[in-house]
Amino acid sequence: MLAAYFDCPGGPENLYMKEVMKPNPGEGEVLVKVSASALNRADLLQRRGKYPPPKGASDILGLEAAGSVAGLGPGCSGRWRIGDAVMALLPGGGQAQFVTVPEGLLMPIPKDMTFIQAAAIPEAWLTAFQLLHFVGKVQEGERVLIHAGASGVGMAAIQLVRLAKAIPIVTAGTQEKLEATANAGVAAGFNYKNEDFSEKVLEFTQGSGVDIILDCVGASHWEKNLNCLSTDGRWIIYGLLSGGEVHGDLLARLISKRASIHTSLLRSRDKEYKERLVRAFTEEVLPHFSGEASPRLQPLVDSVYPLHAIAEAHRAMEENRNIGKIVIEIPVCGKKGQPQ
């Protein structure tokens, strides 16, 4: 089969399509024929040699995939049948023509949704759902500040905050991105590049601040985060785009507000945790992607790149050009794994 590959860490130019061995499903695993995957910051870090896959996971890039069931390993429960349209949360391996997935990490693709749209759901939406509900314990009426509001996780979080009847507030770096978040339903959005978002948040909340911060930025935002975090607020860090080295009296500022810091990485969680997360998401959120649901949730696809253009997809994400998800279309598998 064909897969996204790189021989040594480095820039996007190191990426290419390589023919590799097709995996075989093990005990309780399902073989999925992949139609589409999507790009995540973790893929960029892995390509640079800064984020290796968890022990036992595929070293092929791709933390999510959408496609159809192509095979069943021994011990499967019978829930899935050959040909079922599914999407999956993965620790790796999604940017290839086939991937094996524990059956409990598969989700049905909502009716009338394409593989391209479905590929934009698993990693971003499960991350946002986990941060809000498993970690942050969001409550109705709470105010949630979402950094990188126009990212895949950000756009998912906006809609999930609204689904929880809480109030989404975002930061983003361009007017175009702020307009996209407004269309997704934010209560307020601020450009962190040309205004002090903490002052704007305090003004918007009449001085009370936000109850939860979803932070993938890290060091550069820490003081402003604490400025606009409410008393007893929860600051959830799930990425460090600006680095992790903090200079200043963070702990004193934190304790003065009785605030708490939570950190989260989804990729390294064990299978049982991920299965519990997938089950909760499938029951509570997935029905809202269907046409008759209210409120209706919608994955946002920024752009679609064929697998052979994987390097250009990486460049687009590194340059922060995307609003929503960058999706990778996987070629149909012909003889000897060659694309048709």
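Taking the stretch 19-36 on its own, how many of its residues are assigned to a strand (DSSP E or B) and over 14 Å from CYS333 (Cβ atoms)?
Taking the stretch 19-36 as the starting set, the residues that turn out to be assigned to a strand (DSSP E or B) are 19, 29-36.
When the remaining residues are screened for being over 14 Å from CYS333 (Cβ atoms), the result is 29-30.
Matching residues across the stretch 19-36 total 2.
Consider only pairs whose beta carbons are under 7 Å apart and that are at least six residues apart or on different chains; among these, list those whose first residue lies in the stretch 160-171 and is among the polar types (S, T, N, Q) and whose second residue is open to solvent by 10 Å² or more (accessible area, probe 1.4 Å).
The qualifying pairs are THR171/PHE190; THR171/TYR192.
Output the number of the condition that VAL285 fails; it satisfies all remaining conditions of (1) in contact with a strand residue (DSSP E or B) (Cβ under 9 Å, 6 or more places away or on another chain); (2) surrounded by 18 or more Cβ atoms within 10 Å (Cβ to Cβ); (3) modelled with pLDDT of 95 or more.
So the condition that VAL285 fails would be (1).
Could you say which residue among GLN175, GLN117 is over 22 Å from TYR273 (Cα atoms) and in the same structural domain as GLU275 (by the TED database)? Can you show your working first?
Values: GLN175 fails: in the same structural domain as GLU275 (by the TED database).
From the options GLN175, GLN117, the qualifying one is GLN117.
Cβ-Cβ distance below 8 Å, separation of 6 or more or different chains: which pairs start in the stretch 62-75 with a residue that is touching a residue at least 24 places away in the same chain (Cβ under 8 Å) and over 17 Å from ILE109 (Cα atoms) and end on one that is surrounded by 19 or more Cβ atoms within 10 Å (Cβ to Cβ) and polar (S, T, N, Q)?
Taking only residues 6 or more apart or on different chains, the pairs are GLY62/SER37; GLY62/GLN95; GLY73/THR100.
Modelled with pLDDT of 95 or more and under 20 Å from the mean Cα position of the chain (by Cα) - does that describe any residue in the stretch 71-84?
no
Among the residues of the stretch 235-251, write down those that are under 27 Å from GLN139 (Cα atoms) and out of contact with any helix residue (DSSP H, G or I) (no Cβ under 8 Å at 6 or more places or on another chain).
Residues of the stretch 235-251 under 27 Å from GLN139 (Cα atoms): 235-240, 250-251.
Correct list: ILE237, LEU251.
Mind listing whichever residues of the stretch 324-340 are buried (at least 17 other Cβ atoms within 10 Å of the Cβ) and modelled with pLDDT under 95? Give the steps one after another, and end with the answer.
Of all residues in the stretch 324-340, those buried (at least 17 other Cβ atoms within 10 Å of the Cβ) come to 324-331, 333, 337.
Across the stretch 324-340, the qualifying residues are GLY324, PRO331, CYS333, GLY337.
Pick from ILE212, ILE255: which is assigned by the TED database to the domain that holds ALA172, β-branched (Val, Ile, Thr) and within 30 Å of LEU106 (Cα to Cα)?
On the way: ILE255 fails: within 30 Å of LEU106 (Cα to Cα).
Being assigned by the TED database to the domain that holds ALA172, β-branched (Val, Ile, Thr) and within 30 Å of LEU106 (Cα to Cα) holds for just one of ILE212, ILE255, which is ILE212.
For the stretch 235-282, give me the residue count where each residue is open to solvent by less than 40 Å² (accessible area, probe 1.4 Å), among the β-branched types (Val, Ile, Thr) and either in a strand (DSSP E or B) or on the phi > 0 side of the Ramachandran plot (or both).
Looking only at that region, the number is 2.
(1) closer than 26 Å to LEU250 by Cα; (2) acidic (Asp, Glu); (3) not in a strand (DSSP E or B): which one isn't true of GLU140, the others all being true?
(1)
Out of all the residues in the stretch 177-198, is one or more assigned to a strand (DSSP E or B), touching a Phe, Trp or Tyr at 6+ places or on another chain (Cβ under 6 Å), free of Cβ contacts under 8 Å to residues at least 60 places away in the same chain and surrounded by 24 or more Cβ atoms within 10 Å (Cβ to Cβ)? Give the derivation first.
We begin by selecting, within the stretch 177-198, every residue assigned to a strand (DSSP E or B); these are 188-191.
Filter again for touching a Phe, Trp or Tyr at 6+ places or on another chain (Cβ under 6 Å), leaving 188, 190.
Filter once more, keeping what is free of Cβ contacts under 8 Å to residues at least 60 places away in the same chain: 188, 190.
Still in the running and surrounded by 24 or more Cβ atoms within 10 Å (Cβ to Cβ): none.
Looking through the stretch 177-198, none of the residues is assigned to a strand (DSSP E or B), touching a Phe, Trp or Tyr at 6+ places or on another chain (Cβ under 6 Å), free of Cβ contacts under 8 Å to residues at least 60 places away in the same chain and surrounded by 24 or more Cβ atoms within 10 Å (Cβ to Cβ).
Could you grab me the full set of residues in the stretch 202-220 that are under 22 Å from GLU179 (Cβ atoms) and under 25 Å from the mean Cα position of the chain (by Cα)?
Result: VAL210, LEU214, CYS216, VAL217.
Any chance you could count how many residues in the stretch 289-312 are under 19 Å from MET1 (Cβ atoms) and in contact (Cβ under 8 Å) with a residue 24 or more places away in the chain?
Step one: list which residues in the stretch 289-312 are under 19 Å from MET1 (Cβ atoms), which gives 305-310.
Next, only the ones that are in contact (Cβ under 8 Å) with a residue 24 or more places away in the chain stay: 305-308, 310.
Of the residues in the stretch 289-312, 5 are under 19 Å from MET1 (Cβ atoms) and in contact (Cβ under 8 Å) with a residue 24 or more places away in the chain.
The values are calculated or read from the model by the stated rules, or taken from the named source; none is laboratory data. Because the structure is a prediction, the values reported are computed rather than measured. Ideal geometry is used to build each Cβ from the backbone, glycine not excepted, and the neighbour counts take in all protein chains shown. These accessible areas exclude ligands, DNA and RNA; they are computed on the full protein's heavy atoms, side chains included. Shrake-Rupley method; radii C 1.70, N 1.55, O 1.52, S 1.80 Å.
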